[in-house]
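Asks: Before anything else, here's the structure in question.
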Amino acid sequence: MKKHLILTLAASLAAVLPSKALDLYITGSTAFRANVTTACSNLFDSPIINYYGGTSATGGDGKAYPKAAQWVMSGTVSNTISALGQTPLTIHALFTGSIQGIQTVEAGTKLLFLAADGVTTLTNTPTIAFSDASSSVTPYPVSGTAYYAEEKVAVQPFVFAKSIIGGVMNNVTNITSGEAQFMIKSGRINLSAFTGNTADHGTYVYTAERTKDSGTRLTFFKEEGFPYNQNISTYVLDLNTADSTYGTWFKPTTNYVVGPVGNGGANLNWGNGYVGGGDIATALATNLSGNMAVGALSISDAKSIGTTANWAQVIAYNGVWPTVAGPGIAGNTGTNDFTPILTGKYSFWGYEVVVYPTVDPSTISSDQNLTAAELGNGRTPGTILGVLDVLGSGGTPALGSLEHEIWASEPTGATAIRISDMSASRSAPGGTITP
């Protein structure tokens, strides 16, 4: 009888005591981070404690919500995530870059995330990674791995943007595939390629290029027919002094990155260039004579370059603009009509994907506490990814999903596209577009 009473008491206590909090660790795409951040905030229905920050030591760039590269959210999730019941969830995020994100998830590389207090850091492996490019075109494909899979969650539009100085750069209103290919390999191109004026030969427009862990860079390369490891010349804007050899503020670099080094210098392992799209946007926004540059950016990173109007620095690609507004995209404060992308006329876009474990994450890394049944995927209702990643067929998407975040942002200028809205499709970045 005594043993029975003890067991009954233990069961009663277990029924009233709160369950152990669960943790989800997100890394990957910097271009898609604002979309992920907003969607994640809608996963909670109780008061959410949000902490946003970022340091060079961890890899965060200190940008404000919702573009912060590093944040943590805690609370009780919506009852749409039935797999968790009332178990509290903490989501830790550190957006380091798409390719680096895939690699660190698959390799179980420990990163410095923010702890739940939003002040201290903790060392932990990431659970999932978002990427602007499919893992199949990276050195880290999930196909053939025992424990990982990926799924499409959205369409990511990319654009070319120019520096803000005006003057001769006002003549740069379009870039062709031929010009883009030359700029990838050489890091710069004669201004005369844009103006047709022989007097501009010997004056250069530079390529503001990302490091090799960037999904934007990889999509750019694939769009122009280049492999991941294409040999390129990289230049960066040096604000300390103009280079007498090149007569410009841009200098060729070796073993140099612009942006937060992060996580024990991890970003130095991905070659030369700009760490994040925000770092390129900052360079393009530097109002300095001779700052003549063009960079490939997500439409989100290109939205506000400097203090100019929305998308004021975006230029056409092969004579086509990403929205029906054409050059009128500059200053747009309303809906982005992406019909040129939806119908296959504008080709610089890719699928946003998420790479996730298909088994209990704890069987891969002991610092994970979610089960596969709790994490799930976009095809398993009631799981975390079953809400966050679920794809619809139009109409009003479920709150907490990435599609809902995109849908809700459409009146003020969405920076991603729902897959259900697409008429065109492609198998991989740079692949043939159908129809």
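The values are calculated or read from the model by the stated rules, or taken from the named source; none is laboratory data. Since the model is a prediction, treat every value here as computed from it, not as a measurement. All Cβ positions, glycine included, derive from the backbone under ideal geometry; neighbour counts span all protein chains shown.
Asks: List every residue pair whose Cβ atoms sit under 7 Å apart, with the two residues 6 or more apart in sequence or on different chains, where the first one lies in the stretch 422-435 and is over 13 Å from residue 340 (Cα atoms) and the second, anywhere, is loosely packed, with under 14 Cβ neighbours inside 10 Å.
Replies: 426/432; 430/225
Every residue, every condition in (1) touching a Gly at 6+ places or on another chain (Cβ under 7 Å); (2) assigned by TED's automatic domain parsing to the domain that holds residue 319; (3) loosely packed, with under 15 Cβ neighbours inside 10 Å; (4) more than 30 Å from residue 407 (Cα to Cα), yes or no:
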site	(1), (2), (3), (4)
161	yes, yes, no, no
165	no, yes, no, yes
170	no, yes, yes, yes
178	no, yes, yes, yes
188	no, yes, no, yes
192	no, yes, no, yes
210	yes, yes, no, no
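Asks: Same structure again: When residue 428 is evaluated against the numbered criteria (1) aliphatic (A, V, I, L, M); (2) at pLDDT below 95; (3) surrounded by 19 or more Cβ atoms within 10 Å (Cβ to Cβ), which criterion, by number, is the only one it fails?
Replies: Every condition holds for residue 428 apart from (3).
Asks: Further question: Inside the stretch 227-251, can you point out the residues that are out of contact with any Lys or Arg (no Cβ under 9 Å at 6 or more places or on another chain), surrounded by 16 or more Cβ atoms within 10 Å (Cβ to Cβ), at pLDDT 75 or above and of a type outside the set (Val, Ile, Thr)?
Replies: Selection gives 251 alone.
Asks: In the stretch 128-145, what residues are in contact (Cβ under 8 Å) with a residue 60 or more places away in the chain and either under 16 Å from the mean Cα position of the chain (by Cα) or surrounded by fewer than 20 Cβ atoms within 10 Å (Cβ to Cβ) (or both)?
Replies: Passing the criteria: 128, 129, 130, 131, 132, 133, 134, 135, 136, 138, 139.
Asks: Just wondering, is there one or more residues in the stretch 65-82 that are among the aromatic types (Phe, Trp, Tyr), over 20 Å from the mean Cα position of the chain (by Cα) and surrounded by fewer than 19 Cβ atoms within 10 Å (Cβ to Cβ)?
Replies: Checked the stretch 65-82: no residue is among the aromatic types (Phe, Trp, Tyr), over 20 Å from the mean Cα position of the chain (by Cα) and surrounded by fewer than 19 Cβ atoms within 10 Å (Cβ to Cβ).
Asks: Has the stretch 404-425 got any residue that is assigned to a helix (DSSP H, G or I) and under 30 Å from residue 194 (Cα atoms)?
Replies: No: zero hits.
Asks: Within the stretch 301-329, how many residues turn out to be buried (at least 24 other Cβ atoms within 10 Å of the Cβ) and of a type in the set (Gly, Ala, Ser)?
Replies: Summing the residues that are buried (at least 24 other Cβ atoms within 10 Å of the Cβ) and of a type in the set (Gly, Ala, Ser) in the stretch 301-329 gives 1.
Asks: Just to be sure I understand the filter: pairs with C-beta atoms under 8 Å, separated by 6 or more residues or on different chains, first member in the stretch 31-60 and outside the structural domain of residue 85 (by TED's automatic domain parsing) and closer than 30 Å to residue 268 by Cβ, second member among the hydroxyl-bearing types (Ser, Thr, Tyr) and buried (at least 23 other Cβ atoms within 10 Å of the Cβ). Which pairs pass?
Replies: Qualifying pairs under 8 Å: none.
Asks: Filter the stretch 273-293 for residues that are part of a helix (DSSP H, G or I) and in contact with a Ser or Thr (Cβ under 6 Å, 6 or more places away or on another chain); which is modelled with the highest pLDDT?
Replies: Of everything passing the filter in the stretch 273-293, 284 is modelled with the highest pLDDT.
Asks: Same structure, new question: Tell me whether the stretch 216-232 contains one or more residues that are under 18 Å from the mean Cα position of the chain (by Cα), of a type outside the set (A, V, I, L, M, F, W, C) and part of a loop (DSSP other than H, G, I, E, B).
Replies: Yes, that holds for at least one residue.
Asks: I've got another one for you. Of 132, 200, which residue is in contact with a helix residue (DSSP H, G or I) (Cβ under 8 Å, 6 or more places away or on another chain) and at pLDDT below 95?
Replies: Being in contact with a helix residue (DSSP H, G or I) (Cβ under 8 Å, 6 or more places away or on another chain) and at pLDDT below 95 holds for just one of 132, 200, which is 200.
Asks: Being hydroxyl-bearing (Ser, Thr, Tyr) and either in contact with a strand residue (DSSP E or B) (Cβ under 6 Å, 6 or more places away or on another chain) or buried (at least 19 other Cβ atoms within 10 Å of the Cβ) (or both) is the filter here, so list the residues in the stretch 337-354 that pass it.
Replies: Within the stretch 337-354, 346, 347, 351 meet the criteria.
Asks: Let me ask something additional. Yes or no: the stretch 188-197 includes at least one residue that is closer than 24 Å to residue 177 by Cβ, modelled with pLDDT of 85 or more and touching a Pro at 6+ places or on another chain (Cβ under 9 Å).
Replies: For the stretch 188-197, residues closer than 24 Å to residue 177 by Cβ, modelled with pLDDT of 85 or more and touching a Pro at 6+ places or on another chain (Cβ under 9 Å): absent.
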